[in-house]
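All remarks here apply to the structure that follows.
The values are calculated or read from the model by the stated rules, or taken from the named source; none is laboratory data. Computed from a prediction, not measured in an experiment: that's the story for all the values here. Note that we place each Cβ from the backbone using ideal geometry, even for glycine, and neighbour counts take in every protein chain shown. Quick note on the areas: whole protein, heavy atoms, side chains included, nothing else; ligands and nucleic acids left out. Shrake-Rupley method; radii C 1.70, N 1.55, O 1.52, S 1.80 Å.
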Amino acid sequence: MRPNFVRLVVSQLLVQVATGLKNPILPGWNPDPSILRVGSNYFLTTSSLEYRPSTPIYTSTDLGNWTLYAHAITRPSQVQLYGVPTGAGTWAPTLSYINGLYYLASMTRWTYDPVARVWPRVIWSVSEDLKTWSDPIWPDCWGIDPSLFQDPVSKKVYLNLMAPNNDVDRIWGSTSARSTSAPGDVRGSGTDDLHRATTARSSSPEGPWELNPNNPILFNGQYGYDNLTVQSTGHGTIFDTPDGLSYIAYLARRKINGSSPLGRETFLSPVTWQPVLLSEPIGNLTDTYDVQESSSRDSFDEGILDPSWYQLRTPYTRNFELKKSSSGGLVLRPNVFGHRDTPAAILRKQRSLNMTFSARLLPTSSGLGYGEIVGISAYLSELQHQDIGVSGCVKRTGMCIYTKLTMNGTTQYTQVPLNSSTIPSDLTIHIRAEPLCYHLGYSMSTNGPTTWLAAISSSWMAFAPENYFVFAGASFALFEAGTGMPSPPHAPDVGFAEVQETYFEEEIPD
């Protein structure tokens, strides 16, 4: 007798506390998760889109405490992202362990041109240790959400993907079936409020396939159903723990007042039949991490850039430098910010809906003129970023602290005099992110009071402008730029002495 289909899904969280593991397990935008267990170790990879290094790989032994282990795509020879639009780049990676080697299947999209209709190209790479990856193999096919699957009976390896069937441009296909030796993917349509996961079964990877009568197995809401916080659930991978329990890793959005500025995050649920909630622990998994109020600091004094920092697309030149001194610091080389290319900026994913991102500037030997800008940003795309920084004043002499808010192509600009001929060593600029609002301000000492200059609704960090696409969530950026052009060569060296992130309890309702 064939077994019944499994009915599955959900029950989770937000702030990770010692009483139990809560969701999301990877806060901040980490879409399209694929999880793989090898022995007692778990490895999880997510999409990186136009950001590089590309395709982060995280590791854990308890499903609760995750470490950024490596990036699979680090060389231009692997994938070139010169000038790709926001939301393009590398998508939907899937990890497999086949015949003693690790494989990563993914796809790359370069354009959204409605005339060329260039579909993503599928690739896969191989590694012995999950850290050093080969240049990719480019098969003669295109589509989305690929995975490599080894049939445990025949030992044949299959490339599974979804692609258009041209009746007309509707997508079809399968991702991988579930087994104990490879991840099992269960996926559904696009990442909106109707996103869901479905399953089918077959006695052979080549079909025929029988749909699960209980589909969708993962679905948390519908259009307009905004009284539920966790939405857009889907793109799931079912896996087993060593003690025989089953879980599903998947993407979801935390919708606050109808928008989700952090984008698609990675969630985890036991295979059950319940709504996905933030307030409930994940099965019997426990965690020791407490984020009721905590902070992290980066002084750029390790000699290399921490792997949690990213750049946009493939840089043409090295546009930042770590200072060679015991006190550390990072100097940026001038470029254009808010432009579809590689700005002189480094970015870190926003991991909490209730946090402060603070950056202390390096002192300068001279002042900045008009067209010379250094600052920080709550960044979603080149069309959507909320900035605060130091620049030459507009329509007056001297330097000013300015804010620039962007809303659907319109901007609000404010400035206040810095009252200093150089950037002082104690100037710190802040972005205070709350679930419904971002505040931008500055202080003149490490522990001094903050002067808040501007605020903007977080909903402006959750949606792309009309006719554009964005699939990442919010990041925080450190940048140097000019006013619509590169900063002039005579400008002084500018940069940052340190960055601090302070996290507060989120208290997001279900």
Which of the peptides 327-334, 199-206, 150-157 is most tightly packed, and how do the rest follow, going by the mean number of other Cβ atoms within 10 Å of each residue? 327-334, 199-206, 150-157
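Given the convex hull over the Cα atoms of the chain, what projected area results after averaging over all orientations, in nm²?
24.3
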Give the cysteines in the chain for which no other Cys Cβ lies under 4.7 Å away, or write none if there are none. 141, 437
Tell me, what is the per residue accessible area of the stretch 295-503 in Å², probe radius 1.4 Å? 42
Rounded to the nearest Å, the spacing of the alpha-carbon centers of the stretch 426-498 and the stretch 321-375 is 10
Computed FRET efficiency, Cβ-Cβ of residue 158 and residue 286, R0 22 Å: what is it to the nearest 0.05? 0.05
Sequence ranges 248-261, 123-136, 356-369, ranked by mean other-Cβ count within 10 angstrom, highest first: 248-261, 356-369, 123-136
log10 I(q)/I(0), Debye, Cα-only the stretch 261-365, no solvent, q = 0.11, 0.20, 0.22 Å⁻¹? -0.56, -1.22, -1.37
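Arrange the peptides 70-79, 229-238, 403-412, 500-509 so that the one whose residues have, on average, the most other Cβ atoms within 10 Å appears first.
Values: 70-79: 18.7, 229-238: 26.1, 403-412: 14.9, 500-509: 16.5.
Top of the packing list down: 229-238, 70-79, 500-509, 403-412.
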For residue 203 and residue 397, calculate 0.36 nm times their separation in residues minus their Cα-Cα distance, and state this gained length in nm to one decimal. 62.3 nm
Could you give the distance between the Cα centres of the stretch 53-106 and the stretch 131-158, to the whole Å? 14
Taking R0 as 45 Å, what's the FRET efficiency between residue 246 and residue 410 from their Cβ-Cβ distance, rounded to 0.05? 0.35
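Could you give the length gained on full extension between residue 302 and residue 194, defined as 0.36 nm per residue of separation minus the Cα-Cα distance, in nm?
Result for the pair: 34.4 nm of gain on full extension.
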With each pseudo-label sitting 7 Å past Cα toward Cβ, what's the residue 119-residue 59 distance in nm, one decimal? 3.6
Candidate lysines - alpha carbon under 29 Å from residue 22, same-chain residues fewer than 8 apart omitted: 131, 255, 349
Taking only the alpha carbons of the stretch 295-503, the radius of gyration and the largest Cα-Cα distance, Dmax, both in angstrom, are 15.7, 48
Over the chain, what percent of the accessible surface lies on carbon and sulfur atoms, probe 1.4 Å? 52
